[in-house]
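Read the structure below first, then the notes.
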Amino acid sequence: MLSRPNAALSQIHMQVMWSRLIAVVEEQAQTLMRTAFSTTVREAGDLSAGVFDRDGNMLAQAVTGTPGHVNSMAAAVRHFLDAFPLQTMREGDHYITNDPWLTCGHLHDLTVVSPTFLNGEAVGLFASTVHVVDIGGLGMGPDGRQVFEEGLSIPLMALAREGQMNEDLLRVIRANVREPLQVEGDVYALAACNDEGSRRLIEMMEEFGIANLDRLGDHIIETSRQATLDLIRQLKPGTYHNSLDMDGFDRPLTLAAAMTIGADGIHVDYAGTSPASAFGINVVLNYATAYTAFGVKCLVAPEVPNNAGSLAPITVSAPEGCLLNVQRPRAVAARHTVGHMLPDVVFGCLHQVMAQGVPAEGASSLWIPQIYGGADVLDELGAEGDGPRPEIRPFSTAIFHCGGAGARPGKDGLDVTAFPSGVRTIPVEATESVAPVMFRRREFREGSGGAGQYRGGLGQIIELGGSDGTPIAMLCNFERVRNPARGRAGGGLGANGRVSLASGRKIGAKGRQSVPGGDFIRLETPGGGGFGDPARRDPEQVAADVADGLISREAARADYRVALAADGSLDRAGTQQLRAGGRGG
């Protein structure tokens, strides 16, 4: 390209089209959010959207979406092409699956792939994924022992042929899920957003006068691959190790990684990781790869757009049968519980080679209880008396909540932030509008961020139960209850997560749990780890944290060696004396 007479103008032209392509897939994602029925999609943004070349290479992804979805989807489109070669596809075709081993790691994620045609020729494909609120079976909890128990499995198949929806498939879906209207609505939204992406792509191609995406796609992939390699080559070559302990379901688990940095890329090997669990917290390799690659890109190549080229230099391996590479038919419904921890593992490796340091560990794993209600829950709790039982409409919904992110070199951790998943918390009002659930408390959790020169992000306290005395059941998969987020460079631990009932009755952090009518479950999400020596934190900032209710006066003195006057203002002389005496003073 550089040998052409108008090389500079050609480069500019390519960059303009590349930026336009990213805008096209962002409109695809926004269409998905605006047409979806489930709160998990329209409120939380638990989705992905992207455009692919004719060989199934991802050229661009939407900014809106989660790395677990988009990076898994990046490898999934080739599976669709293997089953349905491009030359057999027709305009108006849509193809669907939720196979965890081919796409995004559990049955709740539906992926739809659709071809795009210009003047009768297939020029590319659009793909999109959503997390539906229900897929039948036991639900999105860790209780299952095999994937067959976890819900409806949809093999690679046609969702629509030449614009005609597969009504047989839709009937099967409606018959197998607890919220048929929401789930079917999301299926139509997936097809609609791919159609919108195709329409916008054709407009773009006609505007720029290009007949196919071949040249633009080659430019995107090679430019991104080379940019990523250039950044990797700035790191010191070698192999770096890190491990992380997790609560697990019935036993503690270890995630172990060896990261090898070389001139041709970064390879992460998870040999030494715990064997697969008997319960549904297992991870398939494509999902492990997705979050590993995201962790690397966050620190090494954050400005390089995400596509097949920028992902290619990052490779992952894990022993078959370990927690991060389970085989059929292992249970995988709550795979995020483990998968969301992988960027923390990766960061621990990169901390050894990045002079400026990397963020401390965070809460990381989302707290996503699936909430059920109905006559069966009432029976489960043992209704009193022999009279007729009240009629309770069965329902199913999910809520997304998060703890604090790890402190960063030079900045505090983000409070109540979903990193690495990037999803948004579902507003309380949205959940209460679709299910008989009531939130009576939601606030920052004071003191939950790890102490440090830069404080870890705070978790939150949530109390919820059934409205009007309705009993509910929850599928819990809450992590970092026994293994808090670790700080870096002398920073302190984040607070452990805690789960309890307002009545004082014991309740577990994982598995199906019941909340009697009139009682409330109390979720105290974990805090992020701190970064740097707490005694080096700006005393004025410590005083401000106390004034804002983020830490206590006692923590200011004990953890940060900061003295405060009776009115809450900074006692400079007292602080100087405390810090001069060190932690033993």
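Counting Lys and Arg as +1 and Asp and Glu as -1, each charge on the Cβ, what is the dipole of the chain about the Cα centre in debye, to the nearest 20?
Numbers: 51 positive and 66 negative charges, 368 e Å.
The calculated dipole for the chain is roughly 1760 debye.
Quotient of the Cα radius of gyration of the range 412-456 and 2.2 N^0.38 Å, N being its number of residues: 1.51. Using only the Cα atoms of the range 131-239, build the gyration tensor, take square roots of its eigenvalues as a ≥ b ≥ c, and label the shape rounded, prolate or oblate: rounded if a/c is under 1.5, else prolate if a/b is larger than b/c, else oblate. Oblate shape, in that a/c is at least 1.5 and b/c is the bigger or equal ratio.
Sort the chain into rounded, prolate or oblate with this rule: let a ≥ b ≥ c be the square roots of the eigenvalues of the Cα gyration tensor; rounded if a/c is under 1.5, and if a/c is not under 1.5, prolate when a/b is larger than b/c, oblate otherwise. Working shown, then result.
On the way: a/c = 1.91, a/b = 1.18, b/c = 1.63.
Verdict is oblate for the chain.
Solvent-accessible surface of the range 17-170, averaged per residue with a 1.4 angstrom probe and all protein chains in place: 30 square angstrom. Backbone amide hydrogens, once placed in the peptide plane, bring C476 within less than 5 Å of G511, R512, Q513, excluding anything fewer than 5 places away on its chain. If I model the range 229-337 as equal point scatterers sitting on the Cα atoms and use the Debye formula, what is log10 I(q)/I(0) at q = 0.17, 0.21, 0.22, 0.24 Å⁻¹? Results for the range 229-337 at q = 0.17, 0.21, 0.22, 0.24 Å⁻¹ read -0.81, -1.09, -1.16, -1.29.
About the Cα centre of the range 251-393, what is the dipole size in debye to 20, counting +1 per Lys and Arg Cβ and -1 per Asp and Glu Cβ, all else neutral?
Working: 7 positive and 12 negative charges, 78 e Å.
Using only the charged Cβ atoms, the result is roughly 380 debye.
Based on protein heavy atoms only, the range 272-384 ends up with 27 Å² per residue of surface accessible to a 1.4 Å probe. Just in the range 418-497: which trypsin sites (Lys or Arg not before Pro) are loop by DSSP and have at most 16 other Cβ atoms within 10 Å? Here the trypsin sites (Lys or Arg not before Pro) that fit, given the DSSP loop and packing criteria, are R424, R482. Taking amide H positions as modeled 1.01 Å from N, with prolines and chain starts lacking one, the residues under 5 Å from R330 and 5 or more places away or on another chain are V147.
The accessible surface of the chain, taken with every protein chain in place and a 1.4 Å probe, is 51 percent carbon and sulfur. Phi angles of the range 127-140 translate, via the Karplus equation with coefficients 6.51, -1.76, 1.60 and θ = phi - 60°, into HN-Hα couplings of 10, 8, 9, 9, 9, 7, 6, 7, 9, x, x, 6, x, 8 Hz per residue; Gly and Pro are given as x.
With Cα atoms as the point set, the radius of gyration and Dmax of the range 182-295 evaluate to 21.1, 60 Å. The orientation-averaged projected area of the convex hull spanned by the Cα atoms of the range 441-580 comes to 9.4 nm².
Rolling a 1.4 Å probe across all protein chains gives V428 an accessible area of roughly 30 Å².
Site pair S569 and E203 shows an inter-label distance of 6.0 nm when each label is modelled 7 Å from Cα along Cα→Cβ.
Each residue of the range 521-585 gets 106 Å³ once the volume of the Cα convex hull is shared out per residue. Karplus-derived 3J(HN,Hα) values for the range 514-525, using 6.51 cos²θ - 1.76 cosθ + 1.60 with θ = phi - 60°, are 10, 10, x, x, x, 9, 9, 8, 10, 10, 10, 6 Hz; glycine and proline are entered as x.
Could you give the semi-axes, largest first, of the ellipsoid that matches the range 134-179, computed as the square roots of 5 times the alpha carbon gyration tensor eigenvalues and rounded to whole Å?
Numbers: eigenvalues 126, 25, 9 Å².
Output for the range 134-179: semi-axes of 25, 11, 7 Å.
Computed on the range 287-343, the Cα convex hull volume stands at 91 Å³ per residue.
Shape summary of the range 1-125, radius of gyration then Dmax from alpha carbon positions: 16.1, 53 Å.
Please give me, ordered by residue number, the GluC sites (Glu not before Pro) of the range 40-139 that lie in loop per DSSP and have at most 16 other Cβ atoms within 10 Å.
Working: sites: E43, E91, E121; in loops: E43, E91.
Here the sparse-neighbourhood loop sites are E91.
With Rh defined as the Kirkwood radius, the inverse of the mean 1/r over Cα pairs, the Rg/Rh of the range 299-419 is 1.15. Computed from point charges on the beta carbon alone (+1 for Lys and Arg, -1 for Asp and Glu), the dipole magnitude for the range 5-133 about its Cα centre is near 160 Debye. Close amide H pairs (under 5 Å, H built 1.01 Å from N) link V123 with T116, F117, L118, residues at least 5 positions away or on another chain.
Loop-located GluC sites (Glu not before Pro) across the range 282-362 with a Cβ neighbour count of 12 or fewer within 10 Å are E303, E320, with loop assigned by DSSP. Here the 3J(HN,Hα) profile of the range 418-429, calculated from phi with Karplus coefficients 6.51, -1.76 and 1.60 at θ = phi - 60°, is 7, 10, x, 5, x, 6, 8, 5, 6, x, 3, 5 Hz, Gly and Pro shown as x.
When the helices in the chain are scored as -39500 (n - 2.57) per DSSP H run of 4 or longer and the sum is shared across all residues, what 222 nm value do you end up with, to the nearest 500 deg cm²/dmol? Result for the chain: -9500 deg cm²/dmol, rounded to the nearest 500. Cross-link reach is defined here as a Cα-Cα straight distance under 18 Å, omitting same-chain residues fewer than 8 places apart; for K297 the aspartates and glutamates meeting it are E222, D230, D264, D269, D344, E361. Taken as Cα centroids, the range 536-585 and the range 470-495 sit 27 Å apart, rounded to the nearest whole angstrom.
The values are calculated or read from the model by the stated rules, or taken from the named source; none is laboratory data. None of the values given here were measured: they were computed from a predicted structure. With ideal geometry, Cβ positions are generated from the backbone for all residues, glycine too; neighbour counts draw on all protein chains shown. Quick note on the areas: whole protein, heavy atoms, side chains included, nothing else; ligands and nucleic acids left out. Shrake-Rupley method; radii C 1.70, N 1.55, O 1.52, S 1.80 Å.
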